Amino acid sequence: MKVKIHREGTNILIILLCMLAVVNVPAWMFIRPVAIPIVFSSLSAIIFLLVLNFFRSPRRHFHGNRDRVVVSSVDGQVVALEETYESEYLHQRVIQLSVFMTVLNVHANWFPVDGKVLKVKHHSGRFMAAYLPKSSTENERSTVVIRATNGQEILVRQIAGAVARRIVTYAEPGERADIEQHMGFIKFGSRVDIYLPLGTEVFVKIGDKTVGGITEVARLADTGINE
């Protein structure tokens with residue numbers, strides 16, 4: 001598995017490096033005893049490595065059976081798995097599967113199913129803790145609707161949190177969705193909800209850890225359609 005730095009983090013890392021240099025260079029030049037600039041540099045290195053770790057972007061390849069498979073869109077922990085009513089687009093009862101990310105997780109978001117993107121819409125909102133149930137409808141969020149290869153429609157919702165203040169969505173209506181491709185990116189901790197049709201076979205439970213683009217979380221029903 002190859003890892004690179006996500007493009008969303010390039011400018012942030014450059015600016016952070018410059019800011020840390022402004023603090024550390026004068027410290028080494030003018031502050032004594034030398035133990036003080038050593039402490040400054042050590043703390044700066046830790047901060048930079050933490051941010052660098054956040055923006056890592058592993059290249060992942062799914063090797064399982066792709067037929068009707070649903071993979072986790074993100075790295076994190078399953079925090080919600082329940083039947084609910086989706087009122088924004090699907091207007092029907094569905095299975096909601098939510099995965100919460102901490103600041104230590106990879107924050108790239110993968111498409112959960114192969115298919116075609118039907119709709120993308122951004123919603124302004126609040127910035128409550130993303131693990132709260134009402135964050136799905138009240139927080140800043142982005143909705144992506146995909147028609148899977150079996151003809152069923154899947155709704156994916158990127159949700160900002162108390163720390164995450166920027167959602168990036170790469171998906172565009174009309175383009176193909178591929179579980180090995182990035183759907184978007186959420187900066188600094190949040191969650192992603194996937195709304196699945198009733199009758200979908202779910203493979204995970206609350207508390208399970210997932211790996212984006214790799215972990216099989218469900219398999220859609222066989223509708224006899226194969227687009």
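Mind listing just one residue for me: the one in the range 196-206 that is assigned to a strand (DSSP E or B) and either polar (S, T, N, Q) or open to solvent by 10 Å² or more (accessible area, probe 1.4 Å) (or both) and, of those, nearest to residue 58 (Cα to Cα)? It comes out as 202.
Taken residue by residue, the range 54-64 has no member that is among the polar types (S, T, N, Q) and either surrounded by fewer than 16 Cβ atoms within 10 Å (Cβ to Cβ) or at pLDDT 90 or above (or both).
Scanning the range 129-143 turns up at least one residue that is at pLDDT 95 or above and either part of a strand (DSSP E or B) or open to solvent by 40 Å² or more (accessible area, probe 1.4 Å) (or both). Among the residues of the range 71-85, just one is charged (D, E, K, R) and crowded, with 20+ Cβ neighbours inside 10 Å, namely 75. Among the residues making up the range 1-46, those that are open to solvent by less than 80 Å² (accessible area, probe 1.4 Å), within 30 Å of residue 60 (Cβ to Cβ) and in a helix (DSSP H, G or I) are 8, 9, 10, 12, 13, 16, 45. If you go through the range 86-101 and keep only what is surrounded by fewer than 18 Cβ atoms within 10 Å (Cβ to Cβ), part of a loop (DSSP other than H, G, I, E, B) and touching a residue at least 60 places away in the same chain (Cβ under 8 Å), you end up with 88, 89, 90. None of 187, 209 is in contact with a strand residue (DSSP E or B) (Cβ under 7 Å, 6 or more places away or on another chain), in contact (Cβ under 8 Å) with a residue 40 or more places away in the chain, charged (D, E, K, R) and surrounded by 14 or more Cβ atoms within 10 Å (Cβ to Cβ) except 187.
The values are calculated or read from the model by the stated rules, or taken from the named source; none is laboratory data. Keep in mind it's a predicted model, so treat the numbers as computed, not measured. Virtual Cβ from ideal backbone geometry, glycine too; neighbours counted across all protein chains shown. For accessibility, only protein heavy atoms count, side chains too; no ligands or nucleic acids. Shrake-Rupley method; radii C 1.70, N 1.55, O 1.52, S 1.80 Å.
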